[in-house]
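Everything below concerns the one structure shown next.
The values are calculated or read from the model by the stated rules, or taken from the named source; none is laboratory data. Owing to the predicted nature of the structure, the values given are computational and were not obtained by experimental measurement. Reconstructed Cβ throughout: ideal geometry from the backbone, glycine too, with neighbour counts over all protein chains shown.
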Amino acid sequence: MVKKTFFTVGPSELYPTVPAHVQTALEQKIGVISHRSKQFQELYKHTTDGLRTLLNIPDNYQIFFLSSATEIWERIIQNCVEHTSFHCVNGSFSKRFYEFSGELGKKAFKAEAAFGKGFYPENIEIPSETEAICLTQNETSSGVSMPVADINKIREKNKEALLFVDAVSSLPYPEFDFSKIDSTFFSVQKCFGLPAGLGVWILNDRVIEKAKQLEAKKVLTGTYHTISSILSKAKDNQTPETPNVWNIFLLGKVIEDMNKKGIATIRKRN
Ligand SMILES: *Cc1c(COP(=O)(O)O)cnc(C)c1O
């Protein structure tokens, strides 16, 4: 069979060690273990601990597993926006995130740049009532990236609103200053080189607090994947539903490989 290599917006080529880890997963029967078992709790912890090391994630940030980044867009709006969100839109992914807010009945503001262009933070005016600022660190459809320094500048000017960064097609590359962002997220089929079907959401105590406020006000925040529902299980290294155990395992293995290589080396090579 001819070996094909795809240069698309994702899925990306598998990380070189994935075939060996798939073999291990089969040998350890990862596909059939219960998500309420001790074995699952241990592999969940292994993956989240590894990610904390890789990205230098502070203790006041939680790591949640969802089905994809698209789901995370929806959960952000549902759980953290009562009325108003703000989006920097410059391509199809950032545009979709923006549209979700309107589709969920919120008022969505945007700053728009032409396809292939980026933003100057000093030109971005964010309405004061904004509850969530939604940025796309790497707009995959055009390949335009927002430098971390620019994200930090936007935060400096807007300290009240929560700041969410879609880094789906760039993590683990960007070196975020977590004191300047409240949340970021990715899907595993981009730069972690895994089969699709797992989204990873990193979020801090401010995000959790906001979700609690909306729940107390009886705003509809969802069902099994409200932040509080996920959090109550995450504390026990579990998920509310039967998750993609297979991929959580593989992600833990790939992160282990990345940590061995060292994030500094990976960033330099990138
Ligand atoms: C791929 C991508 C998404 C969507 O990821 P899914 O895994 O398909 O949900 C969101 N944002 C960006 C920037 C992407 O590149």
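Restricted to strands (runs of 3 or more DSSP E) entirely inside region 63-169, those with at least 3 residues that are within 16 Å of the ligand (Cβ to nearest atom) are 84-89, 132-136, 162-166. Close contacts from region 173-192, counting a first residue that is in contact (Cβ under 8 Å) with a residue 40 or more places away in the chain and of a type in the set (Lys, Arg) and a second that is outside any strand (DSSP E or B) and within 15 Å of the ligand (Cβ to nearest atom), with Cβ to Cβ under 6 Å and a gap of 6+ residues or different chains, come to Lys190/Gly10; Lys190/Ser12; Lys190/Val168; Lys190/Ser169. Please tell me if Phe97 is in contact with a helix residue (DSSP H, G or I) (Cβ under 6 Å, 6 or more places away or on another chain), aromatic (Phe, Trp, Tyr) and modelled with pLDDT of 95 or more. So Phe97 fits the description; yes. For region 17-60, a tally of residues being among the small types (Gly, Ala, Ser) and touching a residue at least 60 places away in the same chain (Cβ under 8 Å) returns 3.
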